[in-house]
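Student: Below: one structure in structure tokens.
Bear in mind these aren't lab numbers, they're just calculated from the coordinates by the rules spelled out. Values in this document were obtained by computation on a predicted structure and should not be read as measured data. Reconstructed Cβ throughout: ideal geometry from the backbone, glycine too, with neighbour counts over all protein chains shown.
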């Protein structure tokens, strides 16, 4: 037996060391996530899609709609205006626009300029994107830019963490592999956060249309889902809980076929309620952490399953380890702390103590692990389950 006593801030865990077969499972087999990803910027695939299908619907709002050609041209004009103000690779552009529509156009424009967008609340003095100046004098064709996948695509205002194009592109490609969208789909867009922008980029790369909505009023959002034919949406579980009762008052269920949840804990009751109100929709759970570009695990929920909703399996090119207080791997069924690493990890951010990072003894030389603070365990099937603090083996949440 081994007794983990070296990390006072973690519960003491007594467990038998993993056998050679168990070690191979939790270190290698469960982390066999390697997947080739081409070196692409986050914005390039949208421009290619706009060139292929310029007349297809791209953006649907309360004020009307834009085709791919119109949306691309509008973003190009704003991008050239931003470039004239000094935007470009290595420069951050803060977006503070109250309109979700203008925010999406602004994000596309910043990425086209080569700059990195900084999400932020809208000041009361700003009312529309057009107040930045007239667009008519700027060309509507794609602006030239010396941009690489390593350049910054976004800067998180709270931590100053820099998100490169490669990480954002990776997130979009992986999510498309587990929850694909395409022509005919309509994808909800609510905020300028990295998760929602990634959702919009996923839609705009694959011929789907983006539908803007307002998360502040669940009843109004329910009407938006119905009236604009939304087929895919991303939201946190608390918004889903607030939204579901309003769907019953709008008549038939909206044409949703996929709901993606990140953020709060997703309960089994949430899954069953969603299945009752949205019988034709798949419910996906994504788990992420505060210092990455999005989800690190994925689970497709089943309403007839028992027990807690799993965190899921690691994403492409992501490695997840459940470690005890000595940073040794826990066998399946034994809880420990979840550490992750991969292209989503942001190691340079303000206010993150060095103690949250550790060398990765199982990865390439120089790679690092991020200590999520989440307690979890591996199932025998290679899925991660969350566990409550202080619980022993096999007691799961």
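Student: Can you give me the Cα centroid spacing of segment 39-90 and segment 166-217 in angstrom?
Tutor: The two parts, judged by their Cα centres, are 14 Å apart.
Student: Can you tell me how segment 205-285 classifies by the Cα gyration tensor, rounded, prolate or oblate, using a/c under 1.5 as the rounded cut? If you can, show how the numbers build up before the last one.
Tutor: Details: a/c = 1.39, a/b = 1.17, b/c = 1.18.
Rounded, because the longest to shortest axis ratio a/c is under 1.5.
Student: Residue 248 versus residue 177, label points 7 Å from Cα toward the beta carbon: distance in nm?
Tutor: Between residue 248 and residue 177, the simple spin-label model gives 4.0 nm.
Student: Next question. Taking the Kirkwood radius as the inverse of the mean 1/r across Cα pairs, report the Rg/Rh of segment 38-121. It would help to have the intermediate numbers written out before the result.
Tutor: Details: Rg = 12.8 Å, Rh = 13.2 Å.
We get a ratio of 0.97 for segment 38-121.
Student: What's the extension gain from residue 226 to residue 354 if we count 0.36 nm per residue and subtract their Cα-Cα distance? Present the calculation step by step, with values, prior to reporting the outcome.
Tutor: On the way: separation 128, 0.36 × 128 = 46.08 nm, distance 4.71 nm.
Here the segment from residue 226 to residue 354 would lengthen by 41.4 nm.
Student: Can you give the convex hull volume of the alpha carbon atoms of segment 33-83 per residue, in Å³? Don't skip to the end; give the middle numbers.
Tutor: Values: hull volume 6.9 nm³, N = 51.
Considering the Cα atoms of segment 33-83, their hull volume per residue is 136 Å³.
Student: Just check segment 173-311 against the gyration tensor rule for me: Cα atoms, a ≥ b ≥ c as the square roots of the eigenvalues, rounded for a/c under 1.5, and otherwise prolate or oblate depending on whether a/b exceeds b/c.
Tutor: On the way: a/c = 1.41, a/b = 1.01, b/c = 1.40.
Taking the square roots of the gyration eigenvalues as a ≥ b ≥ c, segment 173-311 is rounded.
Student: Need one number: nm distance between label points at residue 62 and residue 328, each 7 Å from Cα along Cα→Cβ, rounded to one decimal.
Tutor: Result: 6.0 nm between the two label points.
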